[in-house]
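Since every read-out is calculated from the coordinates, none of them should be taken as a lab result. Keep in mind the model is a prediction, meaning the values are calculated, not measured. Here the Cβ is made from the backbone with ideal geometry for all residues, glycine too, and neighbour counts use every protein chain on show.
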Amino acid sequence: MTDDASQWIRNYVDGSFVDPGWGLSFDAVDPSTGHVYARVHEADRDLVDRAVTSARRALDDGWADRPVADRVGILRRAADLIEERFDEFIAAELADTGKPITQARSLDVARAPANFRAFADMVAAAGEQSFTTETADGGRALNYTVRKPLGVVAVIVPWNLPLLLLTWKVAPALACGNAVVVKPSEDTPGSASLLAEVLEQAGLPRGVYNVVHGFGAGSAGEFLTSHPKIDGVTFTGSSATGSHVMKTVAPRVRPVSLELGGKNAAIVFDDVDVDEAVNGLSRSIFTNTGQVCLCTERVYIQKNVFDDVVAGLVDAANALTLGVPTDPGTTTGPLISAKHRDKVQACLDLAVSEGADVLVGGGAPTLGTELDSGFWMQPTLWTGLTNADRTMREEIFGPVAGLVPFDTEDEAIALANDTEYGLASAVWTNDLRRGHRVAGRMNVGLSWVNTWYLRDLRSPFGGVGLSGIGREGGESSLHFYTEPTNVCVRL
Ligand SMILES: NC(=O)c1ccc[n+]([C@@H]2O[C@H](COP(=O)([O-])OP(=O)(O)OC[C@H]3O[C@@H](n4cnc5c(N)ncnc54)[C@H](O)[C@@H]3O)[C@@H](O)[C@H]2O)c1
Ligand SMILES: O=C/C=C/C=C(\O)C(=O)O
């Protein structure tokens, strides 16, 4: 897309892009410069209703009963088409997020075809349970499970990994025979509409995939979750919003999958290879400018190696290159919006007021180009705080982490688990028995040992406590996006 604000990002309903016409609209902004690059057509309640009705009709017109092989073929075609149009998706993600092209290529866009192929494979290979039952009167019965699509699924996604998280939900939902109405984040509308073109080219019937753009409360997001014909909601976003979505859906008792916030901890033991641990920790703190729900914001380091690991992390933070998204040398992009930049800055100011010793960063950088009108934040590390401080308890969602020394394994586990969140953790040690032992004692949904954000899409993904309800990934996705019926036949 050019820098021409007359460009429109449109809603996609019942197999067509909807003419913006007189409708409400809002700016699409490039966070690297703060420039408006397009206008986004905001879906009103009526258009959301048309989208849900269209999805229901697509199910009734046969999508839910299409042979698995048909659905699998469409998903695999979609994966191929995303790869054919890879650079268009890169452009859409960079325009919306300002993230480095190297990350967009290796993670954000690469995971879209991977998500479609993973769930195509899983559905193609999926079997069902059955039991031969011996009855009390000496007879026999057969019990078997039939899985049917959930129905019309509301898919609500955040702005940090727009295409990755969208396809993480849409792929299994479609693979299981559902129809979806997607509400992308207002900050990152581009790739969801582009995906509509690809799914249409892949042969997806009209009405199975719909996109409505807008905001949350009082806008498209809430119009969607409160719609009486929605059969389930899969939501990824903040814990506060997840709680609100749950309340909205509760009166109709519809299933929700909630992937929410985190305040993730890493534990570094004194037997590590310091360089290896620093490299891994730097990735887990600064990837996507810290705007990944799995990012580490609390690092507990055993005292004998505390100074060496801290020094290594400061060097790693100073070595990051904040710059133009399309420059292959750029390692770190901006925060997503002025609002989020101001929120992260407020958190850094709070850290100082709570007694933090800021080792590196602490505010907005001066980049001396048109980037200075973007929403940038220096990679920031501090020591001197404890778990009693708000900064070490509340999610910041930026390129920041607090570094804290510890003595014993039990102390480290207690510190890491001292949180209302429970999404992810990382344990760094060369004693693998300790690695297995500590990882298993973390109260989280995902626990890595000597690595971070290494993913097998067949494994369950999700968190506990304020980090969410339910799991997606592998059979967890197949279970969320279908309703099982147990059939019992007397033989
Ligand atoms: N657990 C995960 O997998 C995961 C992944 C990415 C982001 N997150 C979390 O998301 C947050 C950042 O993303 P965000 O700022 O977009 O989150 P957010 O909760 O503000 O918004 C997420 C989505 O929900 C929509 N929304 C907002 N209010 C709504 C309402 N009342 N009804 C329906 N929809 C509504 C938004 O428009 C957006 O599309 C962070 O807390 C981060 O930890 C979690
Ligand atoms: O910011 C949150 C990242 C979520 C990542 C995934 O859901 C995934 O890798 O499948």
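Please arrange LYS247, LYS99 by how many other C-beta atoms lie within 10 Å of their C-beta, fewest to most.
Values: LYS247 10, LYS99 28.
Lowest to highest Cβ neighbour count: LYS247, LYS99.
Which distance in nm do the two modelled labels at LYS339 and VAL489 give, with both placed 7 Å along the Cα-to-Cβ direction?
Rounded to a tenth, the inter-label distance reads 5.5 nm.
How big is the charge dipole of the chain about its Cα centre, in debye rounded to the nearest 20, if each Lys and Arg gets +1 on its Cβ and each Asp and Glu gets -1 on its Cβ? List each step's numbers first, then the result.
Values: 42 positive and 63 negative charges, 365 e Å.
Around 1760 debye, computed over the chain.
Translational diffusion coefficient of region 23-105 at 25 °C, 0.890 mPa s, Stokes-Einstein with Kirkwood Rh over Cα pairs, in µm²/s as a whole number.
Roughly 153 µm²/s, to the nearest whole number.
Working from Cα positions, state the angle (0 to 90°, nearest 10) between the long axis of helix 274-286 and the longest principal axis of the chain.
It works out to around 60 degrees.
Give the Cα extents of the chain along the principal axes, in whole Å, largest first.
Its Cα atoms span 69, 69, 41 Å along the three principal axes.
For the chain, with the dipole built from +1 on Lys and Arg beta-carbon atoms and -1 on Asp and Glu ones, taken about the Cα centre, which of GLN291, CYS176, PRO100 lies farthest toward the positive end?
CYS176
Could you run the Karplus curve 6.51 cos²θ - 1.76 cosθ + 1.60 with θ = phi - 60° over region 134-149 and give me ³J(HN,Hα) per residue in whole Hz, x for Gly and Pro?
8, 8, 4, 8, x, x, 9, 9, 10, 10, 9, 9, 10, 9, 10, x
Could you list SER106, SER191, SER54 so that the one with the fewest beta carbons within 10 Å of its beta carbon is first and the one with the most is last? The partial results should precede the final answer.
Numbers: SER106 11, SER191 29, SER54 21.
If I rank by nearby Cβ atoms, fewest first, I get SER106, SER54, SER191.
How big is Rg to Rh over region 264-456, alpha-carbon atoms, Rh as the Kirkwood inverse-mean-distance radius?
Numbers: Rg = 16.0 Å, Rh = 16.7 Å.
On the Cα set of region 264-456, Rg over Rh gives 0.96.
Find how much the distance from ASP80 to ARG458 grows on full extension, using 0.36 nm per residue of separation minus their present alpha carbon separation; answer in nm with one decimal. Intermediate values should be presented prior to the final figure.
Numbers: separation 378, 0.36 × 378 = 136.08 nm, distance 2.05 nm.
Going from the current span to full extension adds 134.0 nm.
Provide the net charge surrounding ILE396, with neighbours chosen by a C-beta distance below 11 Å and charges set as Lys +1, Arg +1, Asp -1, Glu -1.
Details: positive: LYS263, ARG298, LYS343, ARG390, ARG393; negative: GLU297, GLU394, GLU395.
Computed value for this residue: +2.
Can you give the Rg to Rh ratio of region 110-187, both from alpha-carbon atoms, with Rh computed by the Kirkwood formula? Spell out each step's value before the answer.
Values: Rg = 18.4 Å, Rh = 15.0 Å.
We get a ratio of 1.23 for region 110-187.
Taking the Cα atoms of region 44-193, report the difference between the largest and smallest coordinate on each principal axis, in whole Å and largest first.
Computed over region 44-193, the largest-to-smallest principal extents equal 69, 38, 24 Å.
Taking +1 at the Cβ of each Lys and Arg and -1 at the Cβ of each Asp and Glu, which of VAL152, TYR453, VAL427 sits farthest along the dipole of the chain towards its positive end, judged by Cα position relative to the Cα centre?
The residue sitting most towards the positive pole is VAL152.
Using +1 at the C-beta of Lys and Arg and -1 at the C-beta of Asp and Glu, which of MET122, PRO20, LEU161 has the Cα lying farthest in the positive direction of the dipole of the chain?
Of MET122, PRO20, LEU161, it is MET122.
Per DSSP H run of at least 4 residues, take -39500 (n - 2.57); add these up for the chain, divide by its residues and hand me the 222 nm value, nearest 500 deg cm²/dmol. Show your work: numbers first, answer last.
Numbers: 14 runs with 174 residues, N = 491.
So the helix-based figure for the chain works out to -11000 deg cm²/dmol.
Sorting ASP357, ASP389 on the 10 Å Cβ count, fewest up front, what's the list? Provide the component values of the computation, followed by the final result.
Working: ASP357 12, ASP389 17.
In order of increasing Cβ crowding within 10 Å: ASP357, ASP389.
For the pair ARG206/ALA319, report the inter-label distance in nm, with labels modelled 7 Å from Cα in the Cβ direction.
Modelled inter-label distance: 5.5 nm.
What share of the DSSP beta bridges in region 325-473 is antiparallel, in percent to the nearest 5? Mind showing how you got there, number by number?
Details: 4 of 11 bridges.
In region 325-473, approximately 35 percent of DSSP beta bridges are antiparallel ones.
Lysine pairs in the chain with alpha-carbon atoms under 30 Å apart, 8 or more places apart or on different chains: how many are there?
27
Roughly how big is region 264-456's charge dipole about its Cα centre, with Cβ charges of +1 (Lys, Arg) and -1 (Asp, Glu), in debye to the nearest 20? Could you put the intermediate results ahead of the total?
Values: 13 positive and 27 negative charges, 113 e Å.
Dipole magnitude for region 264-456 comes out near 540 debye.
Report the net charge of residues surrounding ARG441, where surrounding means a beta-carbon distance below 15 angstrom and charges are Lys +1, Arg +1, Asp -1, Glu -1.
Values: positive: ARG433, ARG434, ARG437; negative: GLU409, ASP410, GLU411, ASP418, ASP431.
Around ARG441, the charge tally is -2.
For region 229-245, what does the Karplus curve 6.51 cos²θ - 1.76 cosθ + 1.60, with θ = phi - 60°, yield as ³J(HN,Hα) per residue in whole Hz, taken in order and with x for Gly and Pro?
Calculated HN-Hα couplings, in order: 9, 7, 9, x, 10, 10, 10, 10, x, 6, 5, 4, 5, x, 5, 5, 4 Hz.
Given contacts defined as C-alpha pairs under 8 Å and at least six residues apart, what's the relative contact order of region 354-446, whole-number percent? Mind showing how you got there, number by number?
On the way: 100 pairs, mean separation 20.0, N = 93.
Relative CO of region 354-446 lands at 21 percent.
Between ASP121 and ASN387, what FRET efficiency comes out of the Förster formula 1/(1 + (r/R0)^6) with R0 = 45 Å and r the beta carbon distance, rounded to 0.05? Intermediate values should be presented prior to the final figure.
Numbers: r = 42 Å, r/R0 = 0.94.
About 0.60, to the nearest 0.05.
Per-residue HN-Hα couplings for region 463-477, Karplus 6.51 cos²θ - 1.76 cosθ + 1.60 at θ = phi - 60°, whole Hz, x for Gly and Pro?
x, 10, x, 5, 7, x, 9, x, 10, 10, x, x, 5, 4, 5
Given contacts defined as C-alpha pairs under 8 Å and at least six residues apart, what's the relative contact order of the chain, whole-number percent?
On the way: 1128 pairs, mean separation 90.2, N = 491.
Answer for the chain is 18 percent.
Once you have the Cα-Cα distance between GLN129 and TRP22, take 0.36 nm times their residue separation minus that, and quote the gain in nm to one decimal.
On the way: separation 107, 0.36 × 107 = 38.52 nm, distance 5.27 nm.
Gain on extension, GLN129 to TRP22, equals 33.3 nm.
From Cα pairs below 8 angstrom and at least 6 apart in sequence, can you work out the relative contact order of region 264-456, rounded to a whole percent? Could the numbers behind the result be given before it?
Details: 365 pairs, mean separation 55.3, N = 193.
Rounded, it is 29 percent for region 264-456.
Out of all DSSP beta bridges in the chain, what portion is antiparallel? Express it as a percent rounded to 5. Let's see the in-between values first.
Numbers: 29 of 69 bridges.
Expressed as a percentage, antiparallel bridges in the chain total about 40.
Give me the net charge for the shell around LYS247: Cβ to Cβ below 14 angstrom, other residues only, Lys and Arg +1, Asp and Glu -1.
Working: positive: ARG252, ARG254; negative: GLU222.
Value of the local net charge: +1.
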